[in-house]
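Just so it is clear, none of the values below were taken in a lab; they were calculated from the coordinates. The shown structure was predicted, so the numbers you read here are calculated from the model rather than taken from an experiment.
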Amino acid sequence: MLSTRKKMAPRPQYLVRSKRCLAPRASRLFCTGFTYIGLLIFIALMGIALAGTGMVWQTQARRDKERELLFVGDQFRRAIGQYYERSPGGDKRFPRSLDELLLDKRYPATQRYLRRVYPDPITGKAEWGFVKGPEDRIVGVYSLSEDAPFKRAGFPTNYQDFEAKERYREWRFVYAPPAPPQQPQQLQQSQQLQSGQLQQPTGAVNEGRPETKVIVPMQNQQSN
């Protein structure tokens, strides 16, 4: 029985402590303070690491929203262009509202140029600024955000003017109708004028004014 009790007896606590903490009370207080300082340093390092991770995540999220803004803005620009180019009767006009891009009532059949009015990826709201054209119609859209963009270069061909813009609201997604093609004769004359092979007519310089002639009378020679 005595041997069994000795085996089941709990181990003394001083055996699991470090030798440094088995010293008198002052040394034990030093061990406790050292552990507390180490814990504070560990918490500070973890906070710095979490803050850095949060900044990286926030930057990546903003870049994703910028890419989404470029996609959504381009969808609006294309839809406005389709509405303009498909105007019936040859009288091309821009839409008065974004709802006309969802359903073009100028045709008896269903004509849709946009699936839905997309929200602004930057603000998260379905509110856009409008670039107005003739008859106060919509020729383009832009974000209402005043934040500064991360992207400053490397834009698509249609949006090269976005470079070095200071705010998102300066990214204007505008549809510009293509210039009418020149006739072959006009194109040939334009090329000849640029190369200097063809002189510009006098009537174009005078802008349609009649040409005036100045007659200087000759002096009679004196006879000897």
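Listed values, structure above:
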read-out: 5 Å-binned pair-distance histogram of the stretch 50-174 (Cα, whole percent); value: 2, 10, 19, 21, 17, 12, 8, 5, 3, 2, 1, 0, 0
read-out: Within straight-line cross-link reach of Lys65, aspartates and glutamates at Cα separation under 20 Å, skipping those fewer than 8 residues along the same chain; value: Asp74, Asp120, Glu127, Glu146, Asp147, Asp161, Glu163, Glu166, Glu170
read-out: Table column - 3J(HN,Hα) (Hz), the stretch 145-159, Karplus curve with 6.51, -1.76, 1.60, x for Gly and Pro; value: 6, 9, 6, 8, x, 7, 6, 10, 7, x, 7, x, 4, 6, 10
